[in-house]
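Reviewing the structure listed below.
The values are calculated or read from the model by the stated rules, or taken from the named source; none is laboratory data. Since the structure is predicted, the reported quantities are computational estimates derived from the model, not experimental observations. Note that we place each Cβ from the backbone using ideal geometry, even for glycine, and neighbour counts take in every protein chain shown. Heads up: the accessible areas ignore ligands, DNA and RNA and are worked out on the full protein's heavy atoms, side chains in. Shrake-Rupley method; radii C 1.70, N 1.55, O 1.52, S 1.80 Å.
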Amino acid sequence: MRVIFMGSPDFSVPILEALIEAGHEIAAVYAQPPRPAGRGQKEQPCPVHGAALEKGLSVLTPKNFKDEASQQEFAAFNADVAVVAAYGLILPKAVLDSPRLGCVNVHASLLPRWRGAAPIHRAILAGDTESGVTIIQMDEGLDTGAMIFRETVPITPSTTAEHLHDQLAALGALMIVTALDDLAAGRVQLEPQPEGGVTYAKKLERSEGRLDWNKTAPELERAVRAFNPWPGTWFMLPDTKKNAKEAIRVKVLAVSVATDNTDNKGKMPGTIIDDYLTIACKDGALRLERLQREGKGAMDAADFLRGNALPAGVVLG
């Protein structure tokens, strides 16, 4: 079929590649406009933009579709279908209705759970035991369209956002090829989303990465996995060696919930309660296993403690 592809981040790239490999004609690629990035704050194209250019595809980066000119430009491609995967812009009805078979969305959750911007991270953070990909026929709502089909994957106690992201991107790439085959053959049976079980995955904020010891140990353990690699999780450590007034940011890369008879009763949340970097939480205790000081390499807790005096009784901010 003649396809318009609309996507922006890394998640979308395997889906675009799968469409090309399946033999579909990519009439155009739409992506978010280039944005400043890196130390020099030079404008950089998003991953889909870069991948499309490498394949010699036409790329458009409108800021929105509010004006009639952008809508007419979209319609002029005379596409059979538009495939949307983490594009990042709201599509008005004129755009949704333009392709012959409409617009279909590859969404990284088991809808109607986790509509919105950050379904992968929110699923891990909430302690969900499964996630997946849902292919929907788009309507004007936020991820509210009727389902074409969906597939599940388990979320294990070791699943990180990075791992789940890659799993779902690969799964979405397989599913969209099947979905387009079914659409072309008229085999699709649209299923409305259930009215119950709707949740919203709000956009991630960098500030969410700061570990709050007033949460439970299981909540913090999930946060470390959910915010890996971005925004990451961290706490502030006073630089006692230099008597500095400013604290040092320490990234937390791996943790476990303490399951031994660690005594944290009566301890203020944030208190180090043993010689192994086990931290008292609102409920339970969290053992820090791999850390990274600003400007330093990542290291295991034992190596970290050799260079940073953190005896039991110290309270982390």
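Between the amide H of LEU60 and those of VAL29, TYR30, ALA31, distances stay under 5 Å, these residues lying 5 or more places away or on another chain, with hydrogens modeled in the peptide plane. Backbone amide hydrogens, once placed in the peptide plane, bring ALA254 within less than 5 Å of GLU289, ARG290, excluding anything fewer than 5 places away on its chain.
For segment 15-20, putting each phi into the Karplus relation 6.51 cos²θ - 1.76 cosθ + 1.60 with θ = phi - 60° gives couplings of 6, 4, 4, 5, 5, 5 Hz, in residue order, rounded to whole numbers and with x for Gly and Pro.
Percent of accessible area on segment 101-156 owned by carbon and sulfur, 1.4 Å probe? Ligands and nucleic acids excluded, carbon and sulfur give 52 percent.
Of GLN167, GLN137, GLN41, the residue with the greatest mean-square motion in the GNM of the chain, using alpha carbon springs below 10 Å, is GLN41.
Of LYS202/LYS251; LYS203/LYS296; LYS63/LYS203; LYS42/LYS66, which pairs sit farther than 25 Å apart, going by alpha carbon to alpha carbon? Table pairs above 25 Å Cα-Cα are LYS203/LYS296; LYS42/LYS66.
By the rule of a C-alpha distance below 14 Å, with chain neighbours fewer than 8 residues away ignored, the aspartates and glutamates paired with LYS215 are ASP283. Each Lys or Arg adds one and each Asp or Glu takes one away; over the other residues whose Cβ falls under 13 Å from the Cβ of ILE176, this sums to -4.
Based on protein heavy atoms only, segment 1-152 ends up with 44 Å² per residue of surface accessible to a 1.4 Å probe. Per residue, the average separation of C-alpha pairs within less than 8 Å and at least 6 apart gives the chain a relative contact order of 13 percent. Each Lys or Arg adds one and each Asp or Glu takes one away; over the other residues whose Cβ falls under 11 Å from the Cβ of GLN71, this sums to -2. Considering only PRO34, GLY127, ILE273, and ranking their Cα positions along the charge dipole of the chain that arises from unit charges at the beta-carbon of Lys, Arg, Asp and Glu, the one farthest toward the positive end is ILE273.
Stokes-Einstein diffusion for the chain, with the hydrodynamic radius set to the Kirkwood value over Cα pairs and evaluated at 4 °C in a medium of 1.567 mPa s, equals 60 µm²/s. Backbone geometry of segment 282-289 corresponds, through the Karplus equation with coefficients 6.51, -1.76 and 1.60 at θ = phi - 60°, to 3J(HN,Hα) couplings of 3, 9, x, 9, 10, 9, 7, 10 Hz, x marking Gly and Pro. For segment 53-137, the set of trypsin sites (Lys or Arg not before Pro) satisfying both a DSSP loop assignment and a count of at most 15 other C-beta atoms within 10 Å is given as LYS55, LYS63, LYS66, ARG100. If you build the convex hull over the alpha carbons only and average its shadow over all orientations, what do you get for segment 244-317? Give it in nm² to one decimal. That works out to 5.1 nm², a quarter of the Cα hull's surface.
For THR144, the residues whose amide H sits under 5 Å from its own are ASP139, ignoring neighbours fewer than 5 places away on the same chain, with H placed 1.01 Å from N.
Name the most mobile residue of GLU17, GLU191, GLU246, meaning the one with the largest mean-square fluctuation, in a Gaussian network model of the chain with Cα contacts below 10 Å. Largest GNM mean-square fluctuation: GLU246. Within 10 Å of each candidate Cβ there may be at most 15 other Cβ atoms; applying that plus a DSSP loop requirement, which GluC sites (Glu not before Pro) in segment 58-162 survive? Those satisfying the criteria are GLU140. Note on the chain: helix-only mean residue ellipticity at 222 nm, from DSSP H runs of 4+ residues weighted -39500 (n - 2.57) and normalised by residue number, equals -7000 deg cm²/dmol.
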